[in-house]
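A short worksheet on the structure shown next.
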Amino acid sequence: MKKWLFLGRSAANALIISALLQSAAHASDTQLSQRSGPIPTTTNAVPHFQIGAQPIPEVSKRLLNNVAKLPGVEIRATVISLPGAKGFWLGETLELARPDAIVGGREFAHLHPDGSLHASLPLDRARQAVTSGWATPHPWANSRPGWEGFVLIYTPRSTEEADVVFRLILDGYNFVTGQTHRAAAR
């Protein structure tokens, strides 16, 4: 934001809007494949989690390793979820383009002990994740402005699914930070 101090107010606003649109465009430029199998069952209230899911340790580890490689992200105990959940925390040096999309602190997503996770996505991407079977809206998704794309992403069952889930987490990261980071899952 400091680099925009020398710009006029309308020029600075145009740059901010452009960055947000680029972030949203990145989210929708990669179509999601249809998730195989039945749609998992979740609770309908808070705490909101997937019922009967069993995480695969190697898959969860792969996902966490990829998230930890995002610039300015730290994996730490959640500040808003179930005990044992791992929060994806944005460092203080990262500017937030959408602080209203964060549920608590600077935690933009978190992984539950069952392997499912919550993340705030751009609304179009959240809708796409739901219609292609990767996610379901959080019960609080429409409770306040900025939470419209707040979803529960189902537990990945393979490394291929973990890579799709990572792409969704990356979309949430870009949405909240206004960046257009394009990290590849590894």
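The values are calculated or read from the model by the stated rules, or taken from the named source; none is laboratory data. This one's a predicted model, so the numbers in the text were calculated from it and none came from an experiment. Heads up, the Cβs are rebuilt from the backbone with ideal geometry, glycines too, and the neighbour counts pull from every protein chain shown. We work out accessible area using only protein heavy atoms, side chains counted, and drop any ligands, DNA or RNA first. Shrake-Rupley method; radii C 1.70, N 1.55, O 1.52, S 1.80 Å.
Multiply the residue separation of L64 and A183 by 0.36 nm, subtract the distance between their alpha-carbon atoms, and state the gained length in nm to one decimal.
The L64-A183 span can extend by a further 41.5 nm.
Report in % the part of the accessible area of the stretch 44-186 that belongs to carbon and sulfur, leaving out ligands and nucleic acids; probe 1.4 Å.
Percent of accessible area from carbon and sulfur atoms in the stretch 44-186: 55.
Residue-wise, which Karplus ³J(HN,Hα) couplings in Hz belong to the stretch 53-67, taking 6.51 cos²θ - 1.76 cosθ + 1.60, θ = phi - 60°, and x for glycine or proline?
7, 10, x, 9, x, 5, 5, 4, 4, 4, 4, 4, 4, 5, 5
Excluding ligands, DNA and RNA, what is the solvent-accessible area per residue of the stretch 55-169 at a probe of 1.4 Å, expressed in Å²?
41
Could you compute the FRET efficiency for S132 and T93, with r as their C-beta to C-beta distance and R0 at 25 Å, rounded to 0.05?
Computed FRET efficiency for S132 and T93: 0.15.
Sort the stretch 92-186 into rounded, prolate or oblate with this rule: let a ≥ b ≥ c be the square roots of the eigenvalues of the Cα gyration tensor; rounded if a/c is under 1.5, and if a/c is not under 1.5, prolate when a/b is larger than b/c, oblate otherwise.
oblate
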